[in-house]
Amino acid sequence: MIKVDLNIDLKKIPLLSFEELRKYYNALFNVPTTSTRKEYYVWRITYKLQEMRFGGLDNKTRRMLENMDVKEISTQKMVSGIEYIRKYKGATYKVRVVNGGFEMDGEVYKSLGAVARVITGRKISGQVFFGV
C-alpha cells in the first residue's frame, strides 16, 4: 500500500499515472474501486485531501444538503404567469408558467423538460434549454 502524502501539491495529482491514482485512492478511502476514468480518481482524491486539510462540511450544512428538495428549489423561481421565450431552429416558442405546469400552444405540460422535449424531439433539460 502506498504511503499517503497529505501535503502533496494538489496540482500534481492530475499528473500521477493511472495506477498511482488507484493506489492513492485505495490508501485514502480504504475501499477498492473499479472506475476506469482518471478524472474520477483525480476529483475524489483532491476533494478528500482538501477535506482532510481544511475540514469537511459542518453538520448543519451537511443536513441541509442531505434534506434538500431540488424540485422545491427549482419551482420557487417559476411564478405563475411568467413567460419563457426561446428561438429554436428559426421558430419562436412561448411557454407560460401556469398552476400545475407549463402551457405552450394551449397544451399544459407537467415540466419544462417535457416542453423542451416536444420542441427539440429529444430528452433535454428544460431549465437548460430555456436558460432558467
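Any read-out appearing in this document is the output of simple, stated calculations on the displayed coordinates, not a laboratory observation. Only a predicted model underlies this, so the values are computations on that prediction, with no experimental measurement involved. Reconstructed Cβ throughout: ideal geometry from the backbone, glycine too, with neighbour counts over all protein chains shown.
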**Message:** Running a GNM on the chain with Cα contacts under 10 Å, which residue among 111, 80, 35 ends up with the highest mean-square fluctuation?
**Reply:** 35
**Message:** Please list, ordered by chain and number, the residues whose modelled amide H lies under 5 Å from the amide H of residue 8; skip anything fewer than 5 residues away on the same chain.
**Reply:** none
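When Lys and Arg each count +1 and Asp and Glu each count -1, what net charge do the other residues less than 9 Å away from residue 96, Cβ to Cβ, add up to? Let's see the in-between values first.
Details: positive: 94; negative: 83, 103.
Taking every other residue near residue 96 into account, the sum is -1.
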**Fill in**
At q = 0.13, 0.16, 0.17 1/Å the base-10 log of I(q)/I(0) from the Debye formula over the alpha-carbon atoms of the chain is -0.76, -0.82, -0.85
**Message:** Need one word for the stretch 10-65: rounded, prolate or oblate. Basis is the Cα gyration tensor (sqrt eigenvalues a ≥ b ≥ c); a/c below 1.5 gives rounded, then a/b vs b/c decides.
**Reply:** prolate
